[in-house]
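Reviewing the structure listed below.
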């Protein structure tokens with residue numbers, strides 16, 4: 001045997017090499033593995049500060065998924081997350097960094113509120129019609145908030161990262177203007193409660209017909225969200241437009257070479273992304289809050305960015321991730337110390353992002 | 001064993017990359033004072049073997065001896081300290097610095113004060129000794145590619161190189177520059193240095209090499225045979241494992257109607273400088289017009305203007321009689337202008353999308369793939385399967401991502417997409433560049449088949465032989481202009497035109 005002159009080695013060695021193929025089953029397996037590792041690490045932290053990890057995990061699970069009632073509350077939080085997660089997934093597919101879902105959410109809420117509060121939809125309008133108009137108004141307002149950065153990018157090459165980010169603050173202040181001023185309910189920083197026709201029906205409303213639904217908060221916005229999932233999935237994987245989006249996202253020069261109008265598509269995708277986030281705002285205002293006020297989103301628009309990434313921009317997976325996050329957010333409100341679910345959320349995020357390495361690289365141990 | 005101590009001896013080199021055995025028990029000997037050509041197809045393991053020698057890669061097994069003494073290199077610096085240096089295809093020079101500054105970069109001397117004029121003189125001296133004229137005070141960005149290569153060689157000589165490895169050094173050079181390079185290499189050999197010349201161009205190897213080694217799929221198929229005792233056909237068959245037919249039966253054909261008519265086109269390049277100046281020519285149905293020229297003389301810009309990817313500043317382009325000047329790429333596609341782009345990975349394909357997604361790029365808008373808004377993926381896959389078979393694209397399946405295809409297979413996928421559109425005009429830019437001999441032949445046959453099918457073809461290639469074999473006539477581009485047209489296959493004349501000479505002798509093309 002020749003001596004390996006170029007290679008003095010001792011003991012086993014970790015070799016990390018790029019993968020040529022990534023099997024389909026690997027991605028879900030690695031993601032579940034990452035969550036398990038995150039829970040173990042989180043448990044270690046909890047134990048270190050004197051808690052009982054198993055008890056706390058059980059508590060979180062109960063608080064988020066323990067019975068029909070809390071699971072229904074989890075779904076209420078998951079609803080806007082699904083919609084903003086879709087909004088981000090669609091834009092990110094084209095490598096358009098829409099980080100303005102938060103602002104588009106607020107604009108959607110504002111638009112949907114406006115048609116009621118400004119009296120354009122008179123009281124006594126049949127509920128489906130009123131809600132339909134609110135949904136369209138929310139979609140239009142969100143889309144408009146996506147159109148502006150879209151046009152800025154198309155005409156003046158303004159980076160959508162900056163413009164969408166800045167427009168978040170404008171949208172939030174715009175809502176505040178209406179809440180403090182125009183539609184302030186006798187000086188309070190909120191509008192008056194919408195008439196019932198502007199409330200999205202929730203499961204609890206049907207308790208008479210189905211006793212099981214008593215007190216359940218899940219509202220019709222979830223149906224909007226699921227329909228939106230199907231539509232976005234169809235756009236991305238079964239439509240010509242989706243093909244163009246994926247092609248531009250992967251290689252804009254190839255897309256240009258294939259005769260695709262990148263500028264037009266940037267505007268269209270930002271508008272559609274804004275529309276989805278706007279619908280989320282409408283769903284939240286009409287399904288949960290029932291009035292316009294400040295602080296209607298606990299950072300849903302930004303959480304949407306994380307959800308889109310964790311779901312690998314896959315609309316179907318967005319549902320799963322949103323429900324998981326909904327549960328963690330809910331548990332964070334209900335259990336003490338409230339920081340624990342946040343901590344676990346953070347560790348899960350970290351693990352999931354880190355686990356991506358395993359999808360792209362193969363790790364093996366070689367012996368010298 | 002000979003009693004002469006070899007400059008380099010490599011024994012049983014094994015180098016693995018994920019999924020590939022790049023070098024499988026390779027032995028290689030380099031004698032002092034010889035030019036040793038290392039031949040092989042793309043992916044045969046030539047560059048890997050030499051990167052091992054130059055200290056860039058560590059082999060999994062095997063030994064290296066330099067002048068009889070065992071050596072193990074941990075870095076290129078290690079290798080350089082034993083007199084071994086490698087010049088890569090892509091130069092590592094800093095464009096904003098002078099020649100001398102580039103050569104001194106990374107050395108211990110000079111320490112603080114640069115004393116550049118003194119070093120400038122030394123650079124000039126070394127250059128003269130080996131027949132290389134380079135101004136030491138010139139900034140690298142001002143130099144031609146050939147001059148930049150000379151800077152790289154000077155850099156090696158200044159560092160005391162005894163064994164110089166050159167990875168496909170002629171790929172970027174004009175014929176006259178190639179002659180200059182070969183003279184320099186001979187001068188170095190006469191000085192007792194040794195040179196490894198990595199190439200897949202057989203004629204050059206025959207011209208310059210003393211001995212030849214051939215690699216195929218990581219294994220040695222010929223070790224140090226004398227160039228004078230072999231022949232191009234023999235080397236070709238050693239490279240590919242079967243004999244390659246180089247002579248095509250090009251059927252005589254009378255060109256038909258004018259398909260592409262270019263009148264006085266001018267355009268600027270990526271840096272805003274004029275790249276095309278008043279270019280006029282025509283291409284008829286059923287003819288291949290070759291576009292010769294050293295890279296960077298306007299060929300790329302011309303292709304972009306013709307396919308709608310770049311705006312022209314003057315002149316008109318007609319395709320089949322329609323004025324398509326400065327129309328969109330989509331309009332070019334609608335006029336059935338096929339384009340095999342120069343840059344396969346950055347323009348011609350979407351690396352992370354599947355073969356299916358890549359081959360429908362130009363046809364997804366039309367039935368049967370499109371159905372109103374929606375895209376019929378079952379049909380798209382079926383189309384991809386058909387093309388994969390018809391163009392022998394080697395891949396596990398049509399869902400394989402384009403980035404996983406080898407150069408030849410990616411090019412076949414691109415060609416399958418472009419040619420299956422039954423183009424009236426085909427603009428093929430460097431369609432065989434970087435492909436191995438077998439793949440080149442396949443691509444060339446496809447081009448000839450298109451010619452017979454009546455397509456008008458504009459073929460740009462850096463391989464003069466390829467142009468001569470395939471083209472009905474050849475236009476030569478130099479500095480954004482058509483320097484001349486050659487119809488008699490006079491390679492020498494083309495070479496002159498490519499380097500800016502010989503323009504008076506023949507009138508401009510029409």
From the list A:83, A:14, A:26, pick out the single residue that is modelled with pLDDT of 85 or more and more than 14 Å from chain B (Cβ to nearest Cβ).
A:83
Restrict the check to the stretch B:134-145 and report whether at least one residue is surrounded by 15 or more Cβ atoms within 10 Å (Cβ to Cβ), closer than 19 Å to residue B:102 by Cβ, at pLDDT 90 or above and within 18 Å of the chain's Cα centre (by Cα).
no
Filter the stretch B:38-60 for residues that are over 26 Å from the mean Cα position of the chain (by Cα) and surrounded by fewer than 19 Cβ atoms within 10 Å (Cβ to Cβ); which is nearest to residue B:14 (Cα to Cα)?
B:60
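State yes or no: is residue B:318 assigned to a strand (DSSP E or B) and facing chain A (nearest Cβ under 9 Å)?
In short, no.
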How about the stretch B:273-297: which of its residues are in a loop (DSSP other than H, G, I, E, B) and within 25 Å of the chain's Cα centre (by Cα)?
B:273, B:287, B:293, B:294, B:295, B:296, B:297
Set B:296, B:290: member being in contact (Cβ under 8 Å) with a residue 60 or more places away in the chain, more than 14 Å from chain A (Cβ to nearest Cβ), in contact with a helix residue (DSSP H, G or I) (Cβ under 8 Å, 6 or more places away or on another chain) and closer than 30 Å to residue B:251 by Cβ
B:290
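Please determine, by comparing only the residues of the stretch B:301-311 that are farther than 21 Å from residue B:258 by Cα and not in a helix (DSSP H, G or I), which one is farthest from the other protein chains (Cβ to nearest Cβ). Spell out how you get there, then give the answer.
First, the residues of the stretch B:301-311 that are farther than 21 Å from residue B:258 by Cα: B:301, B:309-311.
Checking which are not in a helix (DSSP H, G or I) leaves us with B:309-311.
Details: B:309: 7, B:310: 11, B:311: 13 Å.
Once the filter is applied, the top-ranked residue is B:311.
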Taking residue B:350 and the conditions (1) within 7 Å of chain A (Cβ to nearest Cβ); (2) over 21 Å from residue B:404 (Cβ atoms); (3) surrounded by 16 or more Cβ atoms within 10 Å (Cβ to Cβ), which numbered condition does it fall short on, given that it satisfies the others?
(2)
Name the one entry in B:103, B:87, B:35 that is under 22 Å from the mean Cα position of the chain (by Cα), crowded, with 24+ Cβ neighbours inside 10 Å and away from every other protein chain (no Cβ under 14 Å).
B:35
Which listed residue, of B:241, B:218, B:192, is modelled with pLDDT under 90, at positive phi and surrounded by fewer than 17 Cβ atoms within 10 Å (Cβ to Cβ)
B:241
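Just one of B:363, B:406 is in contact with a strand residue (DSSP E or B) (Cβ under 9 Å, 6 or more places away or on another chain) and within 12 Å of chain A (Cβ to nearest Cβ); which is it?
On the way: B:406 fails: in contact with a strand residue (DSSP E or B) (Cβ under 9 Å, 6 or more places away or on another chain).
Going through B:363, B:406 in turn, just one is in contact with a strand residue (DSSP E or B) (Cβ under 9 Å, 6 or more places away or on another chain) and within 12 Å of chain A (Cβ to nearest Cβ): B:363.
The values are calculated or read from the model by the stated rules, or taken from the named source; none is laboratory data. Fair warning: this is a prediction, and the values are worked out from it, not measured in the lab. Note that we place each Cβ from the backbone using ideal geometry, even for glycine, and neighbour counts take in every protein chain shown.
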